[in-house]
Amino acid sequence: MPSRTPGDPISRLRSRLRSRGRRGPRRAARVLAVCAALFCTGSLLTPAAGHAAEAATEGSPRVRALVARMTLDEKLSFVHWTAGPTGGPLARGVGYLPGVPRLGIPPLQASDGPVGVRLNGVRATALPTPTALAATFDDSLATAYGTVLGHEGRALGQDVVLGPMVNTIRVPHGGRNFETFSEDPLVTSRTAAAEIKGIQSQGLMATVKHFAGNNQETDRFTVDASIDEQTLQEVELPAFRSAVDAGAAAVMCSYNGVNGTPSCGNDQLLQKVLREQWGFKGWVMSDWLATHATTDLTKGLDQELGLEMGKPTDPVPDARHFGAALRAALRDGTVPQAALDRSVTRIVGQMERFGLLDAARPRPARDAQAGRDTARRIAENGAVLLRNTTVAGRPALPLTGPAGSDLTVIGDSALRPKVSGLGSAHVVPDGAGAPLDALRERAGSGATVRYEPGVDRLGTPLTAEQLSPAFTGGRQLDPGGDRTFYDGTLTVPADGDYRIGLRVDGGLAVLQIDGQSPVYAADSFSETTSVVLRLTRGTHKLSMNGWAWPDRPLSVDLTWVTPEQAARNLDRAVAAAAAARTAVVFVQDEGSEGYDRPSLSLPDGQDELVTAVTRANPNTVVVLNTGSSVLMPWLAGTAAVLDMWYPGQEGARATAALLYGDANPSGKLTQTFPASESAQPMAGHPERFPGVGGKQTYSEGVNVGHRWYEQQGVAPLFPFGHGLSYTTFDYRDLAVERTGAGAAVHVTVRNTGSVAGKEAVQVYLGPSGLVSAPQAVRALAAYTKVSLEPGEEKRVTLPVDARRLQYWDTRGHAWQNAPGPRTVTVGSSSADIRLTGRLNQ
Ligand code: BGC
């Protein structure tokens, strides 16, 4: 378990809670002071052009007329989110705008949501994690994902959703990798656009985030991302551009700086790129507390997010920068009135576009069944079969015959499903079944399915024997209050490593032993947390603080796993694995907003568990519930490995369907899995990650992700685009032609196996010999997902967009064609190339 950093989700939540208790500003001021220290000038892309306020040219006549009739207070109420009557992030949603009822402009409500609609205490569909969605390589599923988000958002009273996240997976350790799509700009761009279309088709406004360069969580409030112009344009920005082209209503700027200037005050990014290069017509909001100055309004930021000073009862709740401070700046001329009008025009302009200025739009009823169906479909289609060996003459998966009816299932997430990652993307699901139950059901009544936790992440309740005074879980705390609700002692029988677990409902709890190593749990960010502490025999001081949501008591379970229990759990798992035909081991990691993973290894001794189980039973199938790449030192001893990611609330049945072959895996990796900690792009480069002197430098240039492995000749554990199937596909008859500004690649794909399956056909483009700028050895240029019955073949055409044939020219600050012949390869992964051709141009 990583140590918590000041910026971790729980601390952040505490800060939010505290700000409701009017104590938050101090902490935020500290954060902002550090950010402000980095606020300096620097050229991002091109010499800065003058950015005159263009209020007069933006917005429809109707919107301009409305803005002209607003009072100053009314205008100010649009440019910062408030808690609003629903209580803000503590209760429902993340922000509220009051609107102007006298002008027929309704209020606006926003919630978090890359992975489902996040409303504290309100159930919604917890969808599979975005890495799983991207792994489907299927735009239609991204649209279906967005449609669920859009429909549920509207049904649950929301107008704006803070998602999708489209930052590049650049740092394998990145805490939020699970929340975004890919290391590849094309996959991220297509997935983002398709999802946004789905979200907005339901009338919910999408917010693409975090613009830009938010690729690590370490020092996330202050770090400066130093990205050269070509890399920025070719790798990090394309997905934002694609989101803008897809019509995203809003853009959220990031905490970090880009090339010396905080993103939310970065006029090069917010005006030059977003407005001038891309023609964005929506509005820009800051990330939570990421507005740094009132004058950011003149640099392209339209709206402040972060309920720093807002009181629900204020007619015009204040904000740190875009409330009273902005009023003063308007008065003394530091900020021109036209800048405020422009921002309000942009926000009301999007409201008009989404029909919110017309007669009250009825909200649909929630369709939980549709949410469940889509969640299941995406979990099945995004799962990646990483390995499948032949055991006794048959593939290890799917499970059939005796191998499918005599199982030992091992692992905590088989019993307590790992639904999603932690942080602001955490959704309270309708319910999530245990994979163990789904496997038992699927195996049938005649089967033997044993269970052993192997590594128990919660253990058993601490009782009066260990705790003095005794502790019982339910607590009635003042809503929003900050209380120490337990102060006592924990008695430990012997020196050793003790796992202490906390499970909460109804708020947040923080546990401390001997005043150190706080353990946090909050039901809006995770439900359970556990941490291993080395304790000496004897008595230790144990205290717990808590905060309750306004509408219910806080309930807390306190558990532990002693060193003896941990050793017994491992022994029992190994013995049970040896006794079965098949061992299925579930392992998990903890991707989270707020901190990066300290290592790429599985936490909590799970590597030792898998190693021991594979030694006891060579027919071991590993199921990964992980958000991003992990190391697999035990890989060679396994029979099969299935990556289910964080599969959302329907993960249990999807896992069972895939293991038993009711569904055929067809997901492909959208990120490279490194073979070791030292064989990945950040290794040996602290300037890349976590950064040096507050700056992370993208010194690998355009060679992000698989491109780095290919350029350096480093073998990954699993390459980008990899994913097996229960059938096999044959590729033939490659033809490449130039079409207008782009190209078209034709290929025949045949299902040569005995079951129906889907294949993500991938087209890669080699470099142009006539361009001196850095180019990838192989860049993904097109892909399509083809569905084939056994024996069926299809001739598929993959259009290669003109942009794929271009590079960003830093001299002209523009896209240029990369002329001359280019090698075209078609494969089942970036390393499994089946056909090679040439594009002549
Ligand atoms: C996160 C955003 C999120 C916002 C509101 C921030 O800390 O970075 O992704 O939308 O909080 O919860």
For the stretch 727-839, treating each Cα as an identical point scatterer without solvent, what Debye log10 I(q)/I(0) comes out at q = 0.21, 0.22 1/Å?
-1.06, -1.14
Rounded to 5, percent antiparallel among DSSP beta bridges of the chain:
70
What's the FRET efficiency of LYS794 with THR484 using the Cβ-Cβ distance as r and R₀ = 51 Å, to the nearest 0.05?
0.20
For the stretch 374-509, what ratio Rg/Rh do Cα atoms give with a Kirkwood hydrodynamic radius?
1.07
Of all accessible surface on the stretch 157-249 at a 1.4 Å probe, what whole percent is carbon and sulfur?
45
Treating the stretch 324-438 as a set of equal point scatterers at the Cα positions, no solvent, please give the Debye-formula log₁₀ I(q)/I(0) at q = 0.21 Å⁻¹.
-1.28
Please report Rg over Rh for the stretch 548-622, where both radii come from the alpha carbon positions and Rh follows the Kirkwood definition.
1.13
Accessible surface, per residue, of the stretch 764-838 when the full set of protein chains is kept, probe 1.4 Å, Å²
46
Just want the answer: with Cβ charges of +1 for Lys and Arg and -1 for Asp and Glu, which residue in PRO107, VAL251, VAL702 is farthest toward the dipole's positive end in the chain?
PRO107
Percent relative contact order for the chain, counting Cα pairs under 8 Å at least six residues apart, stands at 14
Can you list residues whose amide H is under 5 Å from LEU162's amide H, if they're 5+ apart or on another chain and H is modeled 1.01 Å from N?
SER111, ASP112, GLY113
Value of [θ]222 nm, deg cm²/dmol, for the chain, DSSP H segments ≥ 4, -39500 (n - 2.57) each, nearest 500
-6500 deg cm²/dmol
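Might you report the magnitude of the Cβ-based charge dipole of the stretch 396-498 about its Cα centre, with Lys and Arg at +1 and Asp and Glu at -1, to the nearest 20 debye?
Its charge dipole is roughly 340 debye.
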Can you work out the Karplus-derived ³J(HN,Hα) for every residue in the stretch 826-839? Use 6.51 cos²θ - 1.76 cosθ + 1.60 with θ = phi - 60°, whole Hz, and x for glycine or proline.
10, x, 8, 7, 5, 10, 10, 7, 9, 9, 10, x, 9, 9
Given an 8 Å cut-off on Cα distances and at least 6 residues of separation, report the relative contact order of the stretch 168-207 as a percent.
29
For the cross-link pairs LYS75/LYS695; LYS668/LYS695; LYS209/LYS758; LYS197/LYS272; LYS281/LYS758, which exceed 27 Å when the distance is taken from alpha carbon to alpha carbon?
LYS75/LYS695; LYS668/LYS695; LYS209/LYS758; LYS281/LYS758
Distribution output for the stretch 265-309: share of Cα-Cα pairs per 10 Å bin in percent, first bin at 0, values 30, 53, 16, 1
Mean shadow area of the chain over all directions, Cα convex hull, nm²:
33.9
All other residues with a Cβ under 9 Å from the Cβ of LEU835 taken together, and with Lys, Arg as +1 and Asp, Glu as -1, what is their net charge?
+1
Got the relative contact order for the stretch 669-715 handy, in percent, Cα pairs under 8 Å and 6 or more residues apart?
36
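The values are calculated or read from the model by the stated rules, or taken from the named source; none is laboratory data. Since we're looking at a predicted model, the values are computed, not measured. Cβ sites come from the backbone with ideal geometry, for glycine too, and all protein chains shown count toward neighbours. For the accessible areas, the whole protein counts, side chains as well, though only heavy atoms, and no ligand, DNA or RNA atoms are used. Shrake-Rupley method; radii C 1.70, N 1.55, O 1.52, S 1.80 Å.
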